[in-house]
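Notes follow once the structure below has been shown.
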Amino acid sequence: QVQLVESGGGLVQPGGSLRLSCAASGSILYIYAMGWYRQAPGKQRELVAAIPSLGSINYADSVKGRFTISRDNAKNTVYLQMNSLKPEDTAVYYCNADARSSIASMRRDYWGQGTQVTVSS
């Protein structure tokens with residue numbers, strides 16, 4: 001199984017910055033993509049940004065130009081640099097990995113436990 005551990009959430013004022021990190025560990029055969037989703041109270045979980053092993057990075061329109069996703073393949077770690085934060089960015093942020101843990105397993109989504117990001121003055 002693949003385990004995902006997030007860090008870096010917290011409280012920040014509007015206009016501020018935060019950096020989220022997510023490290024994948026455990027049995028990992030191949031990671032097809034890693035990304036970040038978020039869920040605000042009363043809303044559905046939505047994609048924030050995703051970075052595939054092959055292909056283009058994808059951002060939600062609402063974060064383009066403010067957030068940057070990056071990945072360290074050697075460390076199986078994905079980062080989300082969030083700048084110019086707005087109150088509407090407040091949500092629980094979840095790390096996601098589209099991965100296969102072994103030859104005997106199927107490709108599937110794995111999720112972290114979530115980290116709270118609160119943007120408020």
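Could you tell me whether the stretch 65-72 includes any residue that is farther than 21 Å from D109 by Cβ, out of contact with any Asp or Glu (no Cβ under 9 Å at 6 or more places or on another chain) and part of a loop (DSSP other than H, G, I, E, B)? Taking every residue of the stretch 65-72 in turn, at least one turns out to be farther than 21 Å from D109 by Cβ, out of contact with any Asp or Glu (no Cβ under 9 Å at 6 or more places or on another chain) and part of a loop (DSSP other than H, G, I, E, B).
If you take the residues in the stretch 40-52 that are assigned to a loop (DSSP other than H, G, I, E, B) and in contact with a strand residue (DSSP E or B) (Cβ under 6 Å, 6 or more places away or on another chain), which one is most open to solvent (accessible area, probe 1.4 Å)? Only one residue tops the list, namely R45. Which residue pairs have Cβ atoms under 6 Å apart, sit 6 or more places apart or on different chains, and have a first residue in the stretch 26-39 that is in a strand (DSSP E or B) and a second that is open to solvent by 60 Å² or more (accessible area, probe 1.4 Å)? Listed pairs, sorted by first residue: G26/Q1; G26/Q3; Y30/R100; Y37/R45; Q39/R45.
Quick one: how many residues across the stretch 92-115 are part of a strand (DSSP E or B) and either more than 12 Å from the chain's Cα centre (by Cα) or at pLDDT below 95 (or both)?
The first filter runs over the stretch 92-115 and keeps only residues part of a strand (DSSP E or B), leaving 92-100, 108-111, 115.
Subset that is either more than 12 Å from the chain's Cα centre (by Cα) or at pLDDT below 95 (or both): 99-100, 108-109.
Here the count works out to 4.
Here S62 meets the list (1) part of a loop (DSSP other than H, G, I, E, B); (2) modelled with pLDDT of 95 or more almost entirely, failing just condition (1). Remark: Y37 matches the filter, which requires a residue to be open to solvent by 50 Å² or more (accessible area, probe 1.4 Å) and not β-branched (V, I, T).
Listed by first and then second residue, the pairs with beta-carbon distance under 8 Å, at least 6 apart or on different chains, first residue in the stretch 68-84 and under 18 Å from S17 (Cα atoms) and open to solvent by 50 Å² or more (accessible area, probe 1.4 Å), second modelled with pLDDT of 95 or more and outside any strand (DSSP E or B), are T68/N83; Q81/S17; N83/S17; N83/R66; S84/G15; S84/S17; S84/R66. Of the numbered criteria (1) under 20 Å from L18 (Cβ atoms); (2) of a type outside the set (F, W, Y); (3) out of contact with any Cys (no Cβ under 8 Å at 6 or more places or on another chain), the one S105 fails is (1).
Considering only the stretch 6-26, how many residues are over 30 Å from S121 (Cβ atoms) and either in contact with a Cys (Cβ under 8 Å, 6 or more places away or on another chain) or open to solvent by less than 50 Å² (accessible area, probe 1.4 Å) (or both)?
Quick first cut of the stretch 6-26, residues over 30 Å from S121 (Cβ atoms) only: 23-26.
If we keep only those that are either in contact with a Cys (Cβ under 8 Å, 6 or more places away or on another chain) or open to solvent by less than 50 Å² (accessible area, probe 1.4 Å) (or both) too, we end up with 23-24.
Qualifying residue count for the region: 2.
Being free of Cβ contacts under 8 Å to residues at least 60 places away in the same chain, over 15 Å from G8 (Cβ atoms) and acidic (D, E) holds for only one residue in D89, D61, and it is D61.
The values are calculated or read from the model by the stated rules, or taken from the named source; none is laboratory data. What you see is a predicted model; the values in this text were computed from it and never measured. Backbone-built Cβ (ideal geometry, glycine too); neighbour counts: all protein chains shown. These accessible areas exclude ligands, DNA and RNA; they are computed on the full protein's heavy atoms, side chains included. Shrake-Rupley method; radii C 1.70, N 1.55, O 1.52, S 1.80 Å.
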